[in-house]
Amino acid sequence: MKTDAGHFNDIVERVYNLPLEYREELRSLLDHNIADSRRDEILLSYKQAQAEHKAGKLKFSSDTDELMKMLE
């Protein structure tokens with residue numbers, strides 16, 4: 001039975017053996033997919049921060065000493 005790493009290595013090997021045109025198309029598809037995933041993560045973080053703000057859980061300060069204490 002193959003591990004996830006074994007399956008990944010098989011996929012990588014197959015991709016390396018594709019013609020250049022297919023590899024370029026795959027790269028483009030992956031770039032767009034990764035960008036979409038990052039946007040989804042940013043949106044989720046925004047919604048979480050928005051909910052925390054409404055719940056009064058967020059603290060704001062322009063004092064650097066206060067900010068350092070908040071990070072501890």
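Might you let me know whether segment 14-21 holds any residue that is surrounded by 10 or more Cβ atoms within 10 Å (Cβ to Cβ), out of contact with any Ser or Thr (no Cβ under 6 Å at 6 or more places or on another chain) and assigned to a helix (DSSP H, G or I)? Give the steps one after another, and end with the answer.
Filtering segment 14-21 down to residues surrounded by 10 or more Cβ atoms within 10 Å (Cβ to Cβ) leaves 15, 18.
Of the ones still in play, those that are also out of contact with any Ser or Thr (no Cβ under 6 Å at 6 or more places or on another chain) are 15, 18.
Still in the list and also assigned to a helix (DSSP H, G or I): 15.
The answer is yes; a qualifying residue exists.
Taking segment 60-69 on its own, how many of its residues are surrounded by 10 or more Cβ atoms within 10 Å (Cβ to Cβ) and either under 22 Å from Ser45 (Cβ atoms) or in contact (Cβ under 8 Å) with a residue 24 or more places away in the chain (or both)?
Qualifying residue count for the region: 2.
Conditions first: (1) loosely packed, with under 10 Cβ neighbours inside 10 Å; (2) under 21 Å from the mean Cα position of the chain (by Cα). Leu44 passes all but one, so which condition is the exception?
That leaves (1) as the condition not met.
Taken together, the values in this text are just the output of simple stated rules run on the coordinates, not laboratory data. Model, not experiment: these values are computed from the prediction. So basically every Cβ, Gly included, is an ideal-geometry build from the backbone, and we count neighbours across all protein chains shown.
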